[in-house]
Amino acid sequence: MRHRVFGRKLSRDINARKALLSNLATSLIVNGKLETTVAKAKFAGPYVEKLITSAKKDRLFANRKLASVLSPAAFKKLVSEIAPGFSERHGGYLRIVKQISRRGDNAQMARLELLEWDKTKSKAREVQKVRKVRKVSKVSKAKVIRSKVATKPKQNPRKSASKSAKSKKS
């Protein structure tokens, strides 16, 4: 009997389970879907939903926890696209669809996929607009600096130092 026994072990030690969760979450967020066994899909589902809920909060500590678990590409996509897209939804971000059994060992397979999110609310578009504005301002600043440099006559610091040394000797 499994009275008061929490979680699944999946025949792995704790470090292997953490790595499995991290890898499943990363590939699910980057690709939008993944095909795995039913046991792993049920194991990773609640974990990924908690990651999405944490990303929706958009707090510094939450983002640091997410960055420590996910790859940089998955972290950026989760924070900038997926979490803002699910801002109106309260849970239930994933779907588990059972597939046919695997040929080699007859394991029951499932497809774990993210539901559609509102792509108009992504932060990526806002960031791109800000970058364009910054690039223009940097270019205009560079032109101003170049024009100031062009008006000043160039002086060689070595020559001025050597002239002052010669004048001290005589």
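No lab work stands behind these numbers, since they all come straight from the coordinates. Just so you know, these numbers come straight off a predicted model, no measurement behind them. For neighbour counting, all protein chains shown are included, and Cβ atoms are generated from backbone atoms with ideal geometry for every residue, glycine included.
Karplus-based coupling profile of the stretch 26-39, in residue order and whole Hz: 4, 5, 5, 5, 5, 8, x, 7, 7, 10, 8, 6, 4, 4, with θ = phi - 60° in 6.51 cos²θ - 1.76 cosθ + 1.60 and x standing for Gly or Pro.
Of the chymotrypsin sites (Phe, Trp or Tyr not before Pro) in the stretch 3-59, the ones in a loop by DSSP (not H, G, I, E or B) with at most 13 other beta carbons within 10 Å are Phe6. Within the stretch 21-94, how many Lys pairs that are eight or more residues apart, or on different chains, come under 21 Å at the alpha-carbon? Final tally of qualifying lysine pairs is 18. Expressed in Å, the radius of gyration and Dmax of the Cα atoms of the stretch 1-61 are 13.2, 42. Taking Cα centre as origin and charging only the Cβ of basic (Lys, Arg, +1) and acidic (Asp, Glu, -1) residues, the dipole magnitude of the stretch 1-119 rounds to 500 debye.
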